[in-house]
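Participant: Let me give you the structure first, and then I'll get to my questions.
The values are calculated or read from the model by the stated rules, or taken from the named source; none is laboratory data. For clarity, every value in this text was computed on a predicted model and none was experimentally measured. In this analysis, Cβ positions are derived from the backbone assuming ideal geometry, glycine residues included, and neighbour counts consider all displayed protein chains.
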Amino acid sequence: MSIAYDGINKEGLSTQIADAIRTAIMEGRLVVEQRLPSENELAERFGVSRATVREALKRLAAQNLIRTQRGPTGGAFVNRLTWSEAHDALVTTSTLLIGMNDIPFEDVVEARFTLEAACLPLAAARREDKHLEVMRQEIAQQRMKDVSDEDFCASDVRFHRALADAADNPVLSFQMAGVIESMQPLMNMITYRMRDRTRIAALHDALADAVDAKKARAALKVLNELSSYTLELMAARRNARATTA
């Protein structure tokens with residue numbers, strides 16, 4: 001068995017056991033679909049009660065690292081994490097990390113647009129009609145006069161998701177999904193009252209045109225303009241708040 005059973009102290013036993021099993025999974029010593037030892041065996045090897053082992057397994061199951069099944073061939077098995085599960089966890093963690101910590105807005109904007117800029121060369125080279133179609137649909141929605149702030153923000157996220165997906169790299173799309181879906185709503189929430197929707201839709205249109213024409217440099221120029229405009233909105237918001245304070 002490839003779990004490190006030593007080094008367990010009496011405080012936070014279930015957490016330590018979960019960490020030991022998680023480490024074995026992360027390091028590849030436990031592989032997908034491999035069955036873990038029984039609760040009795042784990043309890044004996046770690047020198048703890050079955051209840052403590054059961055709590056550790058619940059922690060791992062909550063993180064989608066293992067799954068349990070009943071029956072003669074049941075037990076706890078190393079789970080195959082799906083892109084969807086990983087995406088949800090990444091978005092939740094990123095949103096909480098940004099929302100609960102004093103991270104400067106400028107840092108959020110810088111990270112978000114720097115990562116998206118890395119997608120542009122691939123997106124311009126690999127984009128397909130389906131990606132461009134989504135981007136055009138979202139631009140059309142953003143130009144609707146009666147679109148709500150909430151729907152505009154959601155459309156904004158979908159537009160940039162389509163741009164990232166156009167890079168045709170699942171790892172990059174996964175990383176960008178977490179960035180866009182956690183950071184973009186925050187930026188929208190902060191700047192939505194002051195932004196010019198017509199200008200944003202026009203920038204999105206220019207960005208889609210550049211990607212459609214496979215012109216990565218032109219796309220980067222537009223993205224930089226969008227980044228600068230976002231920072232301008234934040235500065236204007238701060239000035240407005242300072243004036244009314």
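Participant: Going by what's in this entry, would Ile25 be described as touching a Leu at 6+ places or on another chain (Cβ under 7 Å), modelled with pLDDT of 85 or more, surrounded by 18 or more Cβ atoms within 10 Å (Cβ to Cβ) and within 30 Å of Ile180 (Cβ to Cβ)? I'd like the intermediate steps shown before the answer.
Facilitator: Values: touching a Leu at 6+ places or on another chain (Cβ under 7 Å): yes; modelled with pLDDT of 85 or more: yes; surrounded by 18 or more Cβ atoms within 10 Å (Cβ to Cβ): yes; within 30 Å of Ile180 (Cβ to Cβ): yes.
Yes; evaluated as a whole, the condition is true for this residue.
Participant: Quick one: what pairs do we get from segment 196-225, first residue touching a residue at least 40 places away in the same chain (Cβ under 8 Å), second polar (S, T, N, Q) and assigned to a helix (DSSP H, G or I), C-beta under 7 Å, 6+ apart or different chains?
Facilitator: Listed by first residue and then by second, the contacts come to Arg197/Gln142; Ile200/Gln142; Ala201/Gln142; His204/Gln142.
Participant: Is it the case, given these coordinates, that Ala216 is among the small types (Gly, Ala, Ser), out of contact with any Asp or Glu (no Cβ under 9 Å at 6 or more places or on another chain), surrounded by 17 or more Cβ atoms within 10 Å (Cβ to Cβ) and within 20 Å of Trp83 (Cβ to Cβ)?
Facilitator: Values: among the small types (Gly, Ala, Ser): yes; out of contact with any Asp or Glu (no Cβ under 9 Å at 6 or more places or on another chain): yes; surrounded by 17 or more Cβ atoms within 10 Å (Cβ to Cβ): yes; within 20 Å of Trp83 (Cβ to Cβ): no.
When the stated conditions are applied, Ala216 does not pass them.
Participant: Now a separate question. If I filter segment 67-110 down to residues being in contact with a Ser or Thr (Cβ under 8 Å, 6 or more places away or on another chain), surrounded by 12 or more Cβ atoms within 10 Å (Cβ to Cβ) and farther than 30 Å from Ile190 by Cβ, which single residue comes out as modelled with the lowest pLDDT?
Facilitator: If we take residues in segment 67-110 being in contact with a Ser or Thr (Cβ under 8 Å, 6 or more places away or on another chain), surrounded by 12 or more Cβ atoms within 10 Å (Cβ to Cβ) and farther than 30 Å from Ile190 by Cβ, then Gly75 is modelled with the lowest pLDDT.
Participant: Here's a follow-up. With respect to Ala177, is the statement that it is under 20 Å from Ile98 (Cβ atoms), modelled with pLDDT under 85, assigned by TED's automatic domain parsing to the domain that holds Glu110 and crowded, with 20+ Cβ neighbours inside 10 Å true?
Facilitator: Values: under 20 Å from Ile98 (Cβ atoms): yes; modelled with pLDDT under 85: yes; assigned by TED's automatic domain parsing to the domain that holds Glu110: yes; crowded, with 20+ Cβ neighbours inside 10 Å: yes.
Against the criterion (under 20 Å from Ile98 (Cβ atoms), modelled with pLDDT under 85, assigned by TED's automatic domain parsing to the domain that holds Glu110 and crowded, with 20+ Cβ neighbours inside 10 Å), Ala177 qualifies.
Participant: If we keep just the residues of segment 195-213 that are part of a helix (DSSP H, G or I) and among the small types (Gly, Ala, Ser), which is surrounded by the most Cβ atoms within 10 Å (Cβ to Cβ)? Spell out the reasoning first.
Facilitator: Just the residues of segment 195-213 that are part of a helix (DSSP H, G or I), to begin with: 197-212.
If we keep only those that are among the small types (Gly, Ala, Ser) as well, we get 201-202, 206, 208, 210.
Values: Ala201: 21, Ala202: 15, Ala206: 17, Ala208: 24, Ala210: 21.
Once the filter is applied, the top-ranked residue is Ala208.
Participant: Can you report the number of residues in segment 52-100 which are closer than 30 Å to Asn169 by Cα and either touching a helix residue (DSSP H, G or I) at 6+ places or on another chain (Cβ under 7 Å) or part of a helix (DSSP H, G or I) (or both)?
Facilitator: Taking segment 52-100 as the starting set, the residues that turn out to be closer than 30 Å to Asn169 by Cα are 60-67, 77-99.
Next, from what is left, pick out any that are either touching a helix residue (DSSP H, G or I) at 6+ places or on another chain (Cβ under 7 Å) or part of a helix (DSSP H, G or I) (or both): 60-62, 64-67, 78, 83-99.
Number of matching residues: 25.
Participant: Closer than 16 Å to Met135 by Cα and of a type in the set (A, V, I, L, M), is that true of Ala218? Talk me through it step by step, then tell me what you get.
Facilitator: Details: closer than 16 Å to Met135 by Cα: no; of a type in the set (A, V, I, L, M): yes.
So Ala218 fails the test.
Participant: Let me ask something additional. Would you mind stating whether Val171 is modelled with pLDDT of 85 or more and not in a helix (DSSP H, G or I)?
Facilitator: Numbers: modelled with pLDDT of 85 or more: yes; not in a helix (DSSP H, G or I): no.
So Val171 does not fit the description; no.
Participant: Please specify each residue of segment 133-147 satisfying the condition of being over 22 Å from the mean Cα position of the chain (by Cα) and not acidic (Asp, Glu). If you could, list the steps in order and put the result at the bottom.
Facilitator: If we filter segment 133-147 for residues that are over 22 Å from the mean Cα position of the chain (by Cα), which is where we start, we get 133, 136-137, 139-147.
Selection gives Arg136, Gln137, Ile139, Ala140, Gln141, Gln142, Arg143, Met144, Lys145, Val147.
Participant: Against the conditions (1) under 34 Å from the mean Cα position of the chain (by Cα); (2) at pLDDT 90 or above; (3) among the small types (Gly, Ala, Ser), where does Ala4 fall short? Just the number, please.
Facilitator: So Ala4 meets the others, but not (2).
Participant: Condition first: at pLDDT below 95 and surrounded by fewer than 18 Cβ atoms within 10 Å (Cβ to Cβ). Now tell me which residues in segment 118-143 satisfy that.
Facilitator: Ala118
Participant: Could you give me the residue pairs with C-beta distances under 8 Å whose first residue belongs to segment 66-85 and is of a type in the set (S, T, N, Q), whose second residue is buried (at least 16 other Cβ atoms within 10 Å of the Cβ) and part of a loop (DSSP other than H, G, I, E, B) wherever it lies, and which are 6+ apart or on separate chains?
Facilitator: Asn79/Leu65
Participant: Next question, about the same structure. Please go through segment 9-51 and give me each residue that is part of a loop (DSSP other than H, G, I, E, B) and polar (S, T, N, Q), ordered by number.
Facilitator: Asn9, Gln34, Ser38, Ser49
Participant: Given the residues Ala154, Ala140, Ala118, which is the only one that is farther than 24 Å from Thr198 by Cβ, assigned by TED's automatic domain parsing to the domain that holds Ala208 and either free of Cβ contacts under 8 Å to residues at least 12 places away in the same chain or in a helix (DSSP H, G or I) (or both)?
Facilitator: Working: Ala154 fails: farther than 24 Å from Thr198 by Cβ; Ala140 fails: farther than 24 Å from Thr198 by Cβ.
It is Ala118.
Participant: What residue, of Leu207, Leu172, Leu220, Leu203, is touching a Cys at 6+ places or on another chain (Cβ under 7 Å), assigned by TED's automatic domain parsing to the domain that holds Gln142 and closer than 28 Å to Arg126 by Cα?
Facilitator: Numbers: Leu207 fails: touching a Cys at 6+ places or on another chain (Cβ under 7 Å); Leu220 fails: touching a Cys at 6+ places or on another chain (Cβ under 7 Å); Leu203 fails: touching a Cys at 6+ places or on another chain (Cβ under 7 Å).
Only one candidate qualifies: Leu172.
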